[in-house]
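The values are calculated or read from the model by the stated rules, or taken from the named source; none is laboratory data. None of these values were measured; they are calculated from a predicted model. Neighbour counts are summed over all protein chains in view; Cβ atoms, including those assigned to glycine, are modelled from backbone coordinates with ideal geometry.
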């Protein structure tokens, strides 16, 4: 019995028990958990990305309706931008996954995913579904429905608006509509039915609002007979918060997207439009016709009799008095025939019982990480803070060894035990969807893991208890707890790392000429006394010196830096270099990436360690560049790669004298959206141009623009973008210096671009601007605003929506050559100018 109950607990909750400080619910939170225990209804909210979810509605369903509520985000947001750091693509997806989980911890929901990769903006669901592999993503949505078994599905987006919003958005709604019908069909994805079963949700809604109709006035005119209205501004006295306050706090967890915002209060209407299933009968109750009481399950009436009494007569001063009823309910739930609700409610009850007892159980490792086949020391703490009779029968270590105890856990008496176990050869710790290389649109994952937000931890200790003589098993993950003088108590996950990992200092190494470059490799030891060698794998037409070097690291966690000299070929070439660390007969070729932000748990990912080397045919003028950082990118580091001296400028320090020191000033992506003080410095930047300077402004959005005047002439931003990275690029101003000096730019320079051409191009500009390029996605009109140049006074103002911030990290040669021309404009000598005139 012990082992089967442990399996149920681990199956459902292992991914929610990662390295967070243990939750210690107070009486109000225990009472709310009992309220939720007594509701047998589920809601699934469906959208495409992190931040798409309506936290107001999720919080309302989870905390007011008390329904089991989950958000199915089809992607992890890998294709967006990052306002808190340099991480992009899969590492950004890792951050956004954790931000979603942080939001769910606040609004009370659960988090689910598919394997879809956020490849960037898409203009139509047809494009989205061709890149995603529609059949596979649809399979994942069907699987989510079959596993979660929602009574109600709510789509964030309208399936009828193809081509009028982000293609991922519409695709999420289309897939949800289709999965609603397929999830109950045994002929649809029958391979899933060995581990789950068919399920038919009761009804499906679209979470509509006035913005769908253009204005509040237009929305007020429409027929709402097919809609339900919910007041999501309800107040929760037990929390001291309203639902919309709770929702604002949850959405503010999306910090890498700039979603930090003030809380809101008061009555607020939310609308959902009926789409499929059993319609509502003039009701705002989404569960109309669905029994969400304990009567829903066979033999549930007796359980309800016990648990409704606990809810109605809850003792806030001493919740432990309810343990006899809770344990009796536990015995009855364990016998339910309905495996779905039995699993869910047993796990909810575990948490409530543990909280009522004031039971603290922790398994602390001696280190935050170990390598394979090492002995890990454990410090186990067990404490019962109630008068209830609790006996620790035994605990089962991760290796399966049972340690007998038979100890009576008397009130507030702490018991500590020391154990050890061997880590064996379990997989290295890394996000499961990053273990194997996927495609542009899809991640790969083992079938058992599809949908989970995180990789389940490999090591748990199962504690077999007798509570009032009733056996119960509580499973705890191995964690690492420590403290810092300036931060207090902290937790990290316990992880399995390789003996050695190696990271190159940069993702791309640009060789602007035939001169060699020194490349630094950082080797990190996963264990003490690491001895071995390191060498580089490199393209055939390149050379590396020396061929191999020795590695000797005394302490676990320490690093050794080694430097190789890379000698490029004489002609333009590109390829990959990979460090190979040999320890004994093992070769390690991956890097260990650590992500440490205050608003999310500490994260690590084990990724392929490789960097691109590019021998460029490039010329440039000017030496010193001033860079005003915006939302975060690696453009400064990339410009340094081609020989520029880049100085980061604090906008607060901008003066005319400071600007005179630079050959050009570059403004980072979305700087005019994120920097409050830059509006006070804009005129000085214009004066710099007028006096002969060169100012390059990279893309911004018109939303929340901090400046009244973006350029010295009229310039209006739009939402125009070209998402096809292979879209034809037409040279409009073939004779313009920016396409000719010092590098001749041709259509070939736009080959190999990644994710997109560019975004948020201007669509209106003064005659002083010269449009340089024209491009468009299939079926669209030409977009000529991707690169605009204007002479202003003696200098040049350049605005570009081209996605250099994506192309530079990918080592796209043409992007570097074009940007070098942008920096060099106005610096041609008389002979060069004459040549261009000829």
Legend entry - Tabulated pairs, the stretch 229-249, first under 24 Å from residue 99 (Cα atoms), second in a strand (DSSP E or B), C-beta under 6 angstrom, 6+ apart or interchain: 232/270; 233/242; 242/235
Legend entry - Conditions (1) in the same structural domain as residue 808 (by TED's automatic domain parsing); (2) surrounded by 17 or more Cβ atoms within 10 Å (Cβ to Cβ); (3) farther than 22 Å from residue 569 by Cα: number failed by residue 607: (1)
Inset, instruction - For residue 647, state whether it is over 26 Å from residue 79 (Cα atoms), touching a strand residue (DSSP E or B) at 6+ places or on another chain (Cβ under 9 Å) and not in a helix (DSSP H, G or I). - result: yes
Inset, instruction - Would you mention how many residues in the stretch 259-272 are within 30 Å of the chain's Cα centre (by Cα) and surrounded by fewer than 17 Cβ atoms within 10 Å (Cβ to Cβ)? - result: 7
Legend entry - Condition check for residue 578: part of a strand (DSSP E or B), surrounded by fewer than 19 Cβ atoms within 10 Å (Cβ to Cβ) and within 30 Å of the chain's Cα centre (by Cα): yes
Legend entry - Output for the stretch 701-727, where each listed residue is closer than 18 Å to residue 784 by Cβ and touching a residue at least 60 places away in the same chain (Cβ under 8 Å): 710, 711, 713, 715, 718, 720, 721, 722, 723
Inset, instruction - Being over 25 Å from residue 826 (Cα atoms) and over 25 Å from the mean Cα position of the chain (by Cα) is the filter here, so list the residues in the stretch 613-637 that pass it. - result: 613, 614, 615
Inset, instruction - Look at residue 438 and say whether it is closer than 28 Å to residue 71 by Cβ, surrounded by fewer than 19 Cβ atoms within 10 Å (Cβ to Cβ) and in contact (Cβ under 8 Å) with a residue 40 or more places away in the chain. - result: yes
Inset, instruction - Would you list the strands (runs of 3 or more DSSP E) that sit entirely within the stretch 468-536 and hold 3 or more residues that are at pLDDT 95 or above and surrounded by 14 or more Cβ atoms within 10 Å (Cβ to Cβ)? - result: 470-484, 500-504, 517-525
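Assess whether residue 739 counts as being crowded, with 16+ Cβ neighbours inside 10 Å, closer than 26 Å to residue 118 by Cα, assigned by TED's automatic domain parsing to the domain that holds residue 668 and at pLDDT 95 or above.
Working: crowded, with 16+ Cβ neighbours inside 10 Å: yes; closer than 26 Å to residue 118 by Cα: no; assigned by TED's automatic domain parsing to the domain that holds residue 668: yes; at pLDDT 95 or above: yes.
No; evaluated as a whole, the condition is false for this residue.
Please go through the stretch 184-228 and give me each residue that is in contact with a strand residue (DSSP E or B) (Cβ under 6 Å, 6 or more places away or on another chain) and assigned to a loop (DSSP other than H, G, I, E, B), ordered by number.
Step one: filter the stretch 184-228 for residues in contact with a strand residue (DSSP E or B) (Cβ under 6 Å, 6 or more places away or on another chain), giving 201-208, 226-228.
Matches in the stretch 184-228: 201, 202, 207, 208, 226.
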Inset, instruction - Filter the helices (runs of 4 or more DSSP H) completely within the stretch 289-378 down to those with at least 3 residues that are under 22 Å from residue 460 (Cα atoms). - result: 339-357
Inset, instruction - Considering (1) touching a residue at least 60 places away in the same chain (Cβ under 8 Å); (2) more than 32 Å from the chain's Cα centre (by Cα), say which one residue 498 fails and leave the rest. - result: (2)
Legend entry - Conditions (1) surrounded by 14 or more Cβ atoms within 10 Å (Cβ to Cβ); (2) without any contact (Cβ under 8 Å) to a residue 60 or more places away in the chain; number of the one not met by residue 275: (2)
Inset, instruction - Answer with yes or no whether residue 810 is surrounded by fewer than 21 Cβ atoms within 10 Å (Cβ to Cβ) and within 26 Å of residue 712 (Cα to Cα). - result: no
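One line per residue, one yes/no per condition, for (1) modelled with pLDDT of 95 or more; (2) part of a loop (DSSP other than H, G, I, E, B):
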position	(1), (2)
8	no, no
19	no, yes
22	no, yes
34	yes, no
46	yes, no
49	yes, yes
63	yes, no
